[in-house]
Protein chains: 2
Amino acid sequence: MMSEESNRFMLEAIRLASENVRKGLGGPFGAVIVKEGKIIATGVNSVTKDNDPTAHAEINAIRAACRALSSYQLDGCDIYASCEPCPMCLGAIYWARPSRLYFAATKQDAASIHFDDQFIYNEVALPHVSRSLPTQQMMRDEAMESFRLWESSEVKKQY
Amino acid sequence: MMSEESNRFMLEAIRLASENVRKGLGGPFGAVIVKEGKIIATGVNSVTKDNDPTAHAEINAIRAACRALSSYQLDGCDIYASCEPCPMCLGAIYWARPSRLYFAATKQDAASIHFDDQFIYNEVALPHVSRSLPTQQMMRDEAMESFRLWESSEVKKQY
């Protein structure tokens, strides 16, 4: 699995991360998406630049790759991330369904420079009543009506 | 915490979810973001319409609310989601740091109409070597250089 080619793609993700810091554009995170041996999209952290808390390197790269492929799925793609994806990005990666994920620094490393990745991993694993974010369930019956509409819909695009 | 006002906002999130299905635009999911008693942004699932696997209702609503506030943080905001957020959206909610989350249908309900939320919750909780997504760590030393750059940067915007 590891190869010179993999090293080259990961080095590019890391180079993008460092460049992002040097330019003062965002956090030290880069990502590269590869299909058939070619980089089809890249992303860097642009949360503060874009006023978008979802603009992590992986999310930006996934959105760019999907635009490039005109698809909401990254079939046959590999994702290289300079740091272990946070739960948001890992969730996005699962929804995008690439073939493989490579990462370099760990979530503990991210915590060491004061990013909340490890904290959010802990929170996601808790039942909602135990999380630090005050969370309340309500109106499940009313919401199930939307789900029934979906199940009986003849115009839906299942995914 | 629960109030007539909360009911009204959740009903709007659910209405958006149902409308999205009726129009054939995406999955049965809607979200509403409220600040100081007013809806400042809404979102619906637009994954297939926009070819964007990250375009869940909550992510779309968070991005719209942050645009409206010109901020990457949702200070003092409440999020109403017609379904329990998936790990991607829950992660995004933590990064956005709203005051409170309300949800209606559960992740088990989402699984019952064939969405992967529960599966992804299970995967996120596993060590990466045990996940169904093939995942490989590599080049941590090289990536740590980006982190050291971040720590010593004088132009960074910490967040």
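Scoring A:Arg8 on the criteria (1) out of contact with any Gly (no Cβ under 8 Å at 6 or more places or on another chain); (2) in contact (Cβ under 8 Å) with a residue 12 or more places away in the chain leaves a single failure, condition (2). Taken residue by residue, segment B:43-61 has at least one member that is in contact (Cβ under 8 Å) with a residue 12 or more places away in the chain, more than 7 Å from every other protein chain (Cβ to nearest Cβ) and in a strand (DSSP E or B). Among the numbered criteria (1) modelled with pLDDT of 95 or more; (2) more than 7 Å from every other protein chain (Cβ to nearest Cβ); (3) over 15 Å from the mean Cα position of the chain (by Cα), which single criterion is violated by B:Cys77? Only one criterion is unmet by B:Cys77, namely (3).
A single member of A:Ser99, A:Ser70, A:Ser130 is of a type in the set (Gly, Ala, Ser), surrounded by fewer than 19 Cβ atoms within 10 Å (Cβ to Cβ) and closer than 21 Å to B:Lys49 by Cβ, and it is A:Ser70. Residues in segment B:80-101 that are within 8 Å of another protein chain (Cβ to nearest Cβ), farther than 19 Å from A:Ile59 by Cα and touching a Ser or Thr at 6+ places or on another chain (Cβ under 9 Å): B:Ser82, B:Cys83, B:Glu84, B:Arg100, B:Leu101. Within segment B:22-41, is even one residue part of a helix (DSSP H, G or I), under 23 Å from A:Gln158 (Cα atoms) and touching a helix residue (DSSP H, G or I) at 6+ places or on another chain (Cβ under 9 Å)? Yes. Residues in segment A:87-104 that are more than 16 Å from A:Gly43 (Cβ to Cβ) and either charged (D, E, K, R) or touching a Phe, Trp or Tyr at 6+ places or on another chain (Cβ under 7 Å) (or both): A:Pro87, A:Arg97, A:Arg100. Residue count for segment A:139-157, restricted to those that are surrounded by fewer than 20 Cβ atoms within 10 Å (Cβ to Cβ) and over 15 Å from B:Glu84 (Cβ atoms): 10. Residues of segment A:102-159 that are at the interface with another protein chain (Cβ under 7 Å from one of its Cβ atoms), within 22 Å of the chain's Cα centre (by Cα) and among the aliphatic types (A, V, I, L, M): A:Ala104, A:Ala105, A:Ile113, A:Ile120, A:Val124, A:Ala125, A:Leu133.
Among residues of segment A:13-26 that are on the phi < 0 side of the Ramachandran plot and at the interface with chain B (Cβ under 8 Å from one of its Cβ atoms), those with a beta-carbon under 7 Å from a residue that is surrounded by fewer than 21 Cβ atoms within 10 Å (Cβ to Cβ) and acidic (Asp, Glu) at least six positions away or on a different chain give the pairs A:Ile14/B:Glu142; A:Ser18/B:Glu145.
When the residues of segment B:72-90 are filtered to those that are assigned to a loop (DSSP other than H, G, I, E, B) and acidic (Asp, Glu), which remaining residue is farthest from B:Phe103 (Cα to Cα)?
The qualifying residue farthest from B:Phe103 (Cα to Cα) is B:Asp75.
The values are calculated or read from the model by the stated rules, or taken from the named source; none is laboratory data. All figures in this text were calculated on a predicted structure; none of them were measured in a lab. Cβ coordinates were reconstructed from backbone atoms using ideal geometry, including for glycine residues, and neighbour counts include every protein chain displayed.
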